[in-house]
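One structure coming up, written as structure tokens, with questions to follow.
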Amino acid sequence: MSNRKNELAERTQQVKEALAEAARAAGRKTEDVSLVAVSKLHPASDIRALAETGQVDFGENYVQEAVGKQEELADLDVRWHFIGGLQSNKAKFVAGNFALVHSVDSRKLANTLSNKALARDAVQDILLQVNIAGEEQKSGISVENLPELADAVMEMDGVRLRGLMTMPPFFDEPERARPVFARLRQLRDELEGQLGISLPHLSMGMTGDFVPAVEEGATLVRIGTRIFGARPPRA
Ligand SMILES: *Cc1c(COP(=O)(O)O)cnc(C)c1O
């Protein structure tokens with residue numbers, strides 16, 4: 001194994017052990033928590049190396065970068081997650097090309113994804129991103145407007161709602177994010193009642209706060225820095 005491949009494999013193994021430990025502590029099954037390796041701004045060669053060690057789920061934030069990597073890595077059997085802010089005018093590059101879009105936060109975006117997916121005879125699995133702390137600069141639908149957006153999405157044939165995603169405010173102390181994660185789970189439970197469907201996924205937890213996220217019920221954790229190291233600046 002190359003040095004880099006070795007390093008990525010080791011770091012990922014450590015993350016998986018920490019995830020398993022957090023799941024055990026909360027009385028959850030380790031297989032109910034999937035690791036999405038967030039590879040944004042890291043080279044395609046890193047994804048290839050890590051995929052060769054068995055990592056399946058990768059998360060990307062930027063449409064152009066993601067599409068380029070998908071083309072370069074088309075021979076790999078990986079599941080791509082779109083986790084970044086997405087403008088409706090770029091939705092056509094995303095719909096049908098990602099296993100899951102985590103960051104849907106408006107009716108317009110959902111509708112565009114739905115139409116573009118249908119045009120490809122596909123149904124796009126999505127999560128709704130919720131801005132729980134109401135931070136101005138963050139994307140995500142407000143808690144107040146979530147039920148209405150969920151209702152609207154249920155009417156769209158080209159998208160299938162699978163759960164919720166959130167990014168808490170940055171805290172030095174990960175424990176401070178716990179109430180945000182608990183709230184996302186509660187909102188998910190309420191929506192299941194409202195919509196009468198099961199919403200299996202809670203996408204929450206990053207490098208700095210994945211332990212409380214898993215303890216509060218995360219099924220998808222999105223981890224970049226802990227695996228790949230610091231990200232180079234965006235060009
Ligand atoms: C970059 C990013 C991550 C990964 O963050 P790390 O702190 O590097 O683990 C997770 N989720 C989203 C939405 C991101 O943009």
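The values are calculated or read from the model by the stated rules, or taken from the named source; none is laboratory data. Note that the structure is predicted; figures quoted are calculated from it, not measured. FYI the Cβ positions are ideal-geometry reconstructions off the backbone, even for glycines, and counts take in every protein chain you see. For the accessible areas, the whole protein counts, side chains as well, though only heavy atoms, and no ligand, DNA or RNA atoms are used. Shrake-Rupley method; radii C 1.70, N 1.55, O 1.52, S 1.80 Å.
Can you find a residue that is more than 17 Å from Trp80 (Cα to Cα) and open to solvent by 60 Å² or more (accessible area, probe 1.4 Å) anywhere in region 31-51? Before the answer, list the steps.
Pass one, region 31-51, residues more than 17 Å from Trp80 (Cα to Cα): 31-32.
From what's left, open to solvent by 60 Å² or more (accessible area, probe 1.4 Å): 31-32.
Yes, that holds for at least one residue.
Which of the residues belonging to region 213-235 are over 20 Å from Glu65 (Cβ atoms), within 14 Å of the ligand (Cβ to nearest atom) and open to solvent by less than 50 Å² (accessible area, probe 1.4 Å)? Break it down into steps so the answer makes sense when it comes.
Of region 213-235, the ones over 20 Å from Glu65 (Cβ atoms) are 213-221, 226.
Still in the list and also within 14 Å of the ligand (Cβ to nearest atom): 213-214, 218, 220-221, 226.
Across region 213-235, the qualifying residues are Ala213, Val214, Ala218, Leu220, Val221.
Has region 145-161 got at least one residue that is under 26 Å from Ala22 (Cβ atoms) and touching a Lys or Arg at 6+ places or on another chain (Cβ under 9 Å)?
no
What are the residue pairs meeting all of these: first residue in region 81-102, first residue at positive phi, second residue of a type in the set (D, E, K, R), Cβ atoms under 6 Å, and 6 or more apart or on different chains?
Gly96/Arg120
Give me a count of the residues in region 194-235 that are within 12 Å of Ala182 (Cα to Cα), assigned to a helix (DSSP H, G or I) and in contact with a strand residue (DSSP E or B) (Cβ under 7 Å, 6 or more places away or on another chain).
Number of matching residues: 2.
If I ask for residues that are hydrophobic (A, V, I, L, M, F, W, C) and open to solvent by less than 20 Å² (accessible area, probe 1.4 Å), which ones from region 52-80 would you list?
Let us first name the residues in region 52-80 that are hydrophobic (A, V, I, L, M, F, W, C), namely 56, 58, 63, 66-67, 73-74, 76, 78, 80.
Phe58, Val63, Ala66, Leu73, listed by residue number.
Then there's this: Against the conditions (1) open to solvent by 30 Å² or more (accessible area, probe 1.4 Å); (2) within 10 Å of the ligand (Cβ to nearest atom), where does Ile197 fall short? Just the number, please.
For Ile197, the failing item is (2).
Is it true that Lys40 is touching a strand residue (DSSP E or B) at 6+ places or on another chain (Cβ under 7 Å), within 13 Å of the ligand (Cβ to nearest atom) and of a type in the set (D, E, K, R)?
Details: touching a strand residue (DSSP E or B) at 6+ places or on another chain (Cβ under 7 Å): yes; within 13 Å of the ligand (Cβ to nearest atom): yes; of a type in the set (D, E, K, R): yes.
Spelling it out, Lys40 is indeed touching a strand residue (DSSP E or B) at 6+ places or on another chain (Cβ under 7 Å), within 13 Å of the ligand (Cβ to nearest atom) and of a type in the set (D, E, K, R).
Restricting attention to region 140-156, does a residue exist that is surrounded by 15 or more Cβ atoms within 10 Å (Cβ to Cβ) and within 13 Å of the ligand (Cβ to nearest atom)?
yes
May I pose another question? Check region 158-172 and report whether any residue there is free of Cβ contacts under 8 Å to residues at least 24 places away in the same chain and open to solvent by 50 Å² or more (accessible area, probe 1.4 Å).
In the first step, residues of region 158-172 are kept if they are free of Cβ contacts under 8 Å to residues at least 24 places away in the same chain; the result is 172.
Next cut, open to solvent by 50 Å² or more (accessible area, probe 1.4 Å) only: 172.
Scanning region 158-172, I find at least one residue that is free of Cβ contacts under 8 Å to residues at least 24 places away in the same chain and open to solvent by 50 Å² or more (accessible area, probe 1.4 Å), so the answer is yes.
Would you point out which residue out of Ala133, Ala110 is in a loop (DSSP other than H, G, I, E, B) and either without any contact (Cβ under 8 Å) to a residue 12 or more places away in the chain or open to solvent by less than 80 Å² (accessible area, probe 1.4 Å) (or both)? Let's see the steps before the verdict.
Working: Ala110 fails: in a loop (DSSP other than H, G, I, E, B).
Just a single option satisfies the conditions, and that option is Ala133.
Okay, next question. Looking at region 131-163 only, could you name the residues that are of a type in the set (A, V, I, L, M, F, W, C) and either modelled with pLDDT of 95 or more or under 13 Å from Gln194 (Cα atoms) (or both)?
The first filter runs over region 131-163 and keeps only residues of a type in the set (A, V, I, L, M, F, W, C), leaving 132-133, 141, 143, 146, 149-150, 152-154, 156, 159, 161.
The answer is Ile132, Ile141, Val143, Leu146, Leu149, Ala150, Ala152, Val153, Met154, Met156, Val159, Leu161.
Since Asn115 meets every condition but one in (1) in contact (Cβ under 8 Å) with a residue 40 or more places away in the chain; (2) open to solvent by less than 60 Å² (accessible area, probe 1.4 Å), which condition does it not meet?
Here Asn115 clears every test but (2).
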